[in-house]
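Below: one structure, written as structure tokens.
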Amino acid sequence: MSYVNSHTFRWLLIALISALAISLISVWLPAGLKKIGLFSLALGAGFAFITSLLTGTKPQDVKRWQVMILILFAGCTEAGRALESYRIYHDAAEAQLEKNLEELPAFAQEMREEITNQHSAVFVDYLLQKYSALAIGDSSTLACLIFALEIILAMGGAGGLIWIMKRQSAKTDSESARKNS
């Protein structure tokens, strides 16, 4: 019983660390690689593959709960990537705002707090900037919907890779069984 719990805990810990590391590393990849939608699929599939390698789990041995965790964590990986990108975007926007506020005339310094509150960068602003190439305008609802779709695509990438790996493993097993008989 203890071995099962420690093995499960180890597997979950590796999956969690993989999700966190991949989401942080993916922020720093070149922008040309991060095509909307396609990158989400690749991110989810890459997360599932790397986690399978690190945990030493063979495709035929992946249990249902592990598949569900991998799919869920793939979505969290995409969300984590977006949150880290937003943090960077927010910090840059705050620095620019601070620079602009310092250039204000002395009489306008009293309005500094009000200007800061009005121009504070929120997550929806980041999403609108991120998806500006899609010409969605100022539709925050559409930007949030596209973000949710990217999370679903990452989950689909992980699920799809696991399904392909399981099929390939079953095919290899059946071919080796035929050769042995």
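The values are calculated or read from the model by the stated rules, or taken from the named source; none is laboratory data. All values reported here derive from a predicted model rather than from experimental measurement. Positions of Cβ are generated from backbone atoms using ideal geometry, with glycine treated the same way; all protein chains shown enter the neighbour counts. For the accessible areas, the whole protein counts, side chains as well, though only heavy atoms, and no ligand, DNA or RNA atoms are used. Shrake-Rupley method; radii C 1.70, N 1.55, O 1.52, S 1.80 Å.
Data table
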| quantity | calculated |
| --- | --- |
| Solvent exposure ordering (accessible area, 1.4 Å, most first) of 65, 28, 11, 163 | 28, 163, 65, 11 |
| Cα-Cα P(r), the stretch 31-106, percent of pairs per 5 Å interval | 3, 13, 17, 16, 12, 10, 8, 6, 5, 4, 3, 2, 1, 0 |
| Relative contact order %, the chain, counting alpha carbon pairs below 8 Å whose residues are six or more apart | 35 percent |
| All lysines inside 22 Å of residue 171 as judged from Cα atoms, apart from same-chain residues fewer than 8 positions distant | 58, 63, 179 |
| Charge dipole of the stretch 26-98 about the Cα centre (unit charges at C-beta), most positive-ward option of 47, 62, 82 | 62 |
| Residues residue 99 and residue 152, FRET efficiency given R0 of 45 Å [Cβ-Cβ distance, rounded to 0.05] | 0.75 |
| The chain: mean projected area of Cα convex hull, nm² | 15.4 nm² |
| Within the accessible area of the chain (1.4 Å probe), percent carbon and sulfur | 66 percent |
| Accessible-area order (highest first, 1.4 angstrom probe) of the listed residues 155, 68 | 68, 155 |
| Order of exposure, largest accessible area first, which applies to 64, 178 with probe 1.4 Å | 64, 178 |
| Residue 125 accessible area, assembled protein chains, probe 1.4 Å, Å² | 60 Å² |
| Area of residue 53 that stays accessible when all protein chains are in place (1.4 Å probe, Å², to 10) | 110 Å² |
| Helix 64-102 axis, angle to the chain major axis (alpha carbon atoms, nearest 10°) | 20 degrees |
